[in-house]
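*Asks:* The structure that follows is given in the form of structure tokens.
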Amino acid sequence: MKAIKLGILLMAFMLASCAVMDQNHNSKPLERDAKWALLPVANHTDVPQAGLRAEALIEVLLRARGIANLRSYPPALNQDSLFEPAERKVVIDAMNWAREQGVRYAVTGAVEEWHYKVGVDGEPAVGMTLQIVDLKDGDRVVWSSAGSKSGWSRDALSAVAQELIRKMLSDASIE
């Protein structure tokens, strides 16, 4: 019986060690019914369109949190490609666009890691940052999170990313 308990404890420790996350918690709840915008997620990896893949997951997960008034930036503002990575200017242009649209909260971030690890098992690994900026309060960052997660060899990269983003966004106080 002790061996089983020890095994369960060891397994829980191993699973917990697969993810790392740091967050700041917003002091006041963010308004769910305000205008929100999803801005470009910068791609700091060598994987083409990793930022766009993350954006697709973020959009779905924000809507699942009840944010119905969510707009996406115009596609022409994103330059996420292998040869011309998204730069800070793209995010600034997207923030200006969001302000013109009367958006209150802008969600943006960066993908730092998005790949399958090299080796026999080829585990998926994702690392990224997210932040919510209050455009009506002097572009103040009201919530931010940095996280990374790796999965097992049979896990899909998108599933690991979805799990990580869901966990990151679940800690944002949205009412």
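The values are calculated or read from the model by the stated rules, or taken from the named source; none is laboratory data. Being a predicted model, the structure only gives us computed values, none of them experimental. Glycine gets a Cβ as well: all are built from the backbone with ideal geometry, and neighbour counts include every protein chain shown. For accessibility, only protein heavy atoms count, side chains too; no ligands or nucleic acids. Shrake-Rupley method; radii C 1.70, N 1.55, O 1.52, S 1.80 Å.
*Asks:* Looking only at segment 14-31, filter to residues that are more than 15 Å from Val141 (Cα to Cα) and part of a loop (DSSP other than H, G, I, E, B); which one of those is modelled with the lowest pLDDT?
*Replies:* The qualifying residue modelled with the lowest pLDDT is Ser17.
*Asks:* Kindly indicate whether Arg71 is over 15 Å from the mean Cα position of the chain (by Cα) and assigned to a strand (DSSP E or B).
*Replies:* Details: over 15 Å from the mean Cα position of the chain (by Cα): yes; assigned to a strand (DSSP E or B): yes.
When the stated conditions are applied, Arg71 passes them.
*Asks:* Which residues, taken from segment 128-148, are closer than 18 Å to Thr45 by Cα and more than 9 Å from the chain's Cα centre (by Cα)?
*Replies:* Within segment 128-148, just Ser148 meets the criteria.
*Asks:* Among the residues of segment 63-73, is any within 20 Å of Lys28 (Cα to Cα) and surrounded by 21 or more Cβ atoms within 10 Å (Cβ to Cβ)?
*Replies:* Scanning segment 63-73, I find at least one residue that is within 20 Å of Lys28 (Cα to Cα) and surrounded by 21 or more Cβ atoms within 10 Å (Cβ to Cβ), so the answer is yes.
*Asks:* Only one of these is open to solvent by 40 Å² or more (accessible area, probe 1.4 Å), among the basic types (Lys, Arg) and over 20 Å from Asp33 (Cβ atoms): Arg154, Arg140. Name it. Outline the logic, then answer.
*Replies:* Details: Arg140 fails: over 20 Å from Asp33 (Cβ atoms).
Answer to the selection: Arg154.
*Asks:* Name the single residue, out of those in segment 102-122 being outside any strand (DSSP E or B) and at pLDDT 95 or above, that is least open to solvent (accessible area, probe 1.4 Å). Spell out how you get there, then give the answer.
*Replies:* As a first pass, look at segment 102-122 and keep what is outside any strand (DSSP E or B): 102-104, 117-122.
After this cut, where a residue has to be at pLDDT 95 or above as well, the list is 102-104.
On the way: Gly102: 28, Val103: 2, Arg104: 49 Å².
In this case the residue turns out to be Val103.
*Asks:* Further question: Mind checking which residues of segment 32-67 are out of contact with any strand residue (DSSP E or B) (no Cβ under 9 Å at 6 or more places or on another chain) and not in a helix (DSSP H, G or I)? Can you show your working first?
*Replies:* Within segment 32-67, the subset out of contact with any strand residue (DSSP E or B) (no Cβ under 9 Å at 6 or more places or on another chain) is 33, 48, 56-57, 60-61, 64.
Result: Asp33, Pro48.
*Asks:* Going by the conditions given, is Val91 open to solvent by 10 Å² or more (accessible area, probe 1.4 Å), hydrophobic (A, V, I, L, M, F, W, C), without any contact (Cβ under 8 Å) to a residue 40 or more places away in the chain and not in a strand (DSSP E or B)?
*Replies:* Values: open to solvent by 10 Å² or more (accessible area, probe 1.4 Å): yes; hydrophobic (A, V, I, L, M, F, W, C): yes; without any contact (Cβ under 8 Å) to a residue 40 or more places away in the chain: no; not in a strand (DSSP E or B): yes.
Against the criterion (open to solvent by 10 Å² or more (accessible area, probe 1.4 Å), hydrophobic (A, V, I, L, M, F, W, C), without any contact (Cβ under 8 Å) to a residue 40 or more places away in the chain and not in a strand (DSSP E or B)), Val91 does not qualify.
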